[in-house]
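The values are calculated or read from the model by the stated rules, or taken from the named source; none is laboratory data. In this text, all values refer to a predicted model and were calculated from it rather than measured experimentally. In this analysis, Cβ positions are derived from the backbone assuming ideal geometry, glycine residues included, and neighbour counts consider all displayed protein chains. In case anyone asks, the SASA skips ligands and DNA or RNA and just uses the protein heavy atoms, side chains included. Shrake-Rupley method; radii C 1.70, N 1.55, O 1.52, S 1.80 Å.
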Amino acid sequence: MDDVVIAGVGMHKFGRFPEKDPADIAIEAILKALKDSDMTYQDIQFALCGRVVLKRPGLGIEILAKVGMTGIPIYEINAMCATGGAMLKLARDAITSGSCEVVLVYGVDKHKGMFEDLGEPWQNRLGMKASPISFATVAQKYMSDYGATEEDFARVAVKAHKNGAKNPYALFQNELTIEQVLKSPMVAYPLHLYNFCTPDDGAAAVIVCSKKAAKKFNISQPITIAAAVMQTAQYPSSVIEPSSTASTCTKSKAYSVTELAARKAYEMAGLGPEDVNVVEVQDTESAHELVHIEQLGLCKPGEAYKLLRQGVFDITGRLPVNPSGGIQCKGEPPGASGLGQVCEIVWQMRGQAGARQTNNPKVGMCQVFGWNHIAAVSILKK
Amino acid sequence: MSTNGKKQVPLLDGMMKLPAFPGDTGHLIGCKCRKCGELFFIRREICENCQGQELEEIALSKKGKLYAFSVMFYPAPPPYKPPEPFVPYGLGWIELPEGIVLFSLITENDPKKLIVGMEMELLFDKLEEDKDGNDVMVYKFQPGRSG
């Protein structure tokens, strides 16, 4: 089986652009990715569009029609906040199946405020499934199980902002102190306002092709997609993982979707957690950055907050986590955020990350988590 | 049980059996798969575990232990209708002796007074009146009075 590689990436800054049409935001990212791979839209044989919040019917296809009408198959994908990772898996599968050689995946969204309809209608009537609550409950359990504190979660936000301050694509490019995070209003105990990501606007695009096509197009630094996995709940679902689930069984061991996806991804790549040099994880809020590091097997359960204190996850540390600043700094346009991670890891592996460049990573990892037990994990290597 | 001659109705069909006579306490409705024995909260047609379609209704325990919790300090988005003025509200996962964990509103909204593992007890509370003047009832858990 021929390797599948990333030929080019492009991003539109994540932020708030009320005056901009989603098409303008998306097209900027798409054209940048084409330029980055030195391809034209004529070279694309298959395309995927991710959007979660934007409602306009057919928008994903409408946007690509403005880039070029070449008759290719185009599908729209929604896997909640895991959309980007889920599309990368589909693109890889399309190429390994032999049905095409060059695929464009892009995500775009304009998002503000909380989702109004995440739970079942009766749960929403009671205000039970507003997303901060579901994530905060996991954070509380993490504190109770392992002895982490609100200060540890604040430290995650401080680290994120230290990185985000160096990222021109980020919504927030300011540094924060632990005191500022702890003094920001409590949203859902134990998480404060500055622990949370902010819904915003943005787009990201990635061009994926076969290794053979990469040679034909003279791609100078192809990054191999060594694994791409999309995972949904496997009964019994992880008890308190954010979802509409009303109850679950506690008699048998439940695995989080990220754990399940990571296990498959390591096997597919023939690599282990010890081989990973840089990682972007879903940081809907600070606590889940730690939870997801552990679920990926990058350290033992309950250890991430201690390693954070030691600086292991800093840009200069042994295992830099979210060198982009994560969605805590970039904000989260859910259709685009997963591909935003892929852009960052590609830049890191090519040595193009500027002031936030980590130490010559050879293997990178991306993880996204979406509402209702959805995870996507990918492993990229030079 | 009716108050002021009104009827009490559950927020969702298949969720709870409200007290029917003086001294009756009511209970939450669970179901058990006849094929694999898995338990679920709220009546359902299909077993998540084995996809069996024969589930029998059972009464769930009225006491459990707090498994994890949060307190929401801002109103959730609609259709949630916050009280005026808004009061932070508690939520938690309650572990029942049967071996299931279910999500519930909890009456305590001070995180300092909540501890994982503490005893919790079921109660029913009025949410609102429906268009026929009936009391729409919801389930909640409160810290156990026995401590």
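Here the peptides A:119-128, B:107-116 are ranked by packing, the mean other Cβ count within 10 Å, and the order with the highest first is A:119-128, B:107-116.
Note on B:LYS7 and B:GLU98: with the Förster distance fixed at 41 Å, the Cβ-Cβ geometry gives a FRET efficiency of about 0.85. Think of each Lys and Arg Cβ as +1 and each Asp and Glu Cβ as -1; about the Cα centre, that makes the dipole of the protein assembly as shown roughly 820 debye. Modelled spin-label separation between A:GLN352 and A:SER244, with each label point placed 7 Å from Cα along the Cα-to-Cβ direction: 4.1 nm.
Evaluated on segment B:71-147, the Kirkwood hydrodynamic radius is 14.0 Å, with distances taken between all distinct Cα atoms.
Within 10 Å of the Cβ of each residue in B:82-91, the mean number of Cβ atoms contributed by other protein chains is 2.
When only alpha carbons are used to place a centre, segment A:153-170 and segment B:98-146 end up 38 Å from one another. Of A:VAL312, A:VAL108, A:VAL346, which has the largest mean-square fluctuation in a 10 Å C-alpha GNM of chain A? Maximum fluctuation in the GNM of chain A, among the listed residues, is at A:VAL312. Residue by residue along B:99-109, Cβ atoms of other protein chains within 10 Å of the local Cβ number 5 on average. Residues in segment B:11-20 carry Karplus couplings, in order, of 4, 9, 5, x, 9, 7, 9, 6, x, 9 Hz; the curve used is 6.51 cos²θ - 1.76 cosθ + 1.60 with θ = phi - 60°, and Gly or Pro positions show x. Applying the Karplus relation 6.51 cos²θ - 1.76 cosθ + 1.60 with θ = phi - 60° to segment A:18-31 yields 3J(HN,Hα) values of x, 7, 9, 6, x, 4, 5, 5, 5, 5, 4, 5, 5, 5 Hz, where x marks Gly and Pro. Shown are B:PHE73, B:PHE21, whose ranking by accessible area with a 1.4 Å probe and every protein chain present, most to least, is B:PHE21, B:PHE73.
Annotation: amide H-H contacts under 5 Å for A:LEU380 (H modelled 1.01 Å from N, sequence separation of 5 or more, or interchain): A:ALA226, A:GLY364, A:MET365, A:CYS366. Run the reach check for B:LYS7 against aspartates and glutamates, Cα to Cα strictly under 20 Å, same-chain hits fewer than 8 apart removed. What comes back? Answer for B:LYS7, where 20 Å is the Cα cut-off: B:ASP24, B:ASP125, B:GLU128, B:GLU129, B:ASP130, B:ASP132, B:ASP135, listed by chain and number.
Amide H to amide H, with H built 1.01 Å from N, A:ILE77 comes under 5 Å of A:CYS49, A:GLY50, A:ARG51, counting only residues 5 or more places away or on other chains. Interface A-B: total buried accessible area of about 3500 Å², 1.4 Å probe, protein heavy atoms only.
Mean residue ellipticity, 222 nm, helices only, chain A: the sum of -39500 (n - 2.57) across DSSP H runs of n ≥ 4, divided by residue count and rounded to 500, is -11000 deg cm²/dmol. Per residue, the accessible area of the protein assembly as shown comes to 39 Å² when a 1.4 Å probe rolls over the protein heavy atoms.
Projecting label points 7 angstrom from Cα along Cα→Cβ for A:TYR75 and B:GLU45 puts them 2.7 nm apart.
Peptide packing for B:22-30, A:42-50 was compared via the average number of neighbouring C-beta atoms within 10 Å per residue; ordered from the highest value, the list is A:42-50, B:22-30.
Compared with the direct C-alpha span, the chain from B:GLU128 to B:PHE86 gains 13.5 nm at full extension, assuming 0.36 nm per residue.
Surface composition of the protein assembly as shown: carbon and sulfur atoms hold 51% of the protein heavy-atom accessible area at a 1.4 Å probe. On the basis of the beta-carbon distance and an R0 of 22 Å, A:ASN360 and A:SER220 show a calculated FRET efficiency of 0.85. Taken along its principal axes, the alpha carbon cloud of the protein assembly as shown reaches lengths of 82, 49, 46 Å, longest axis first.
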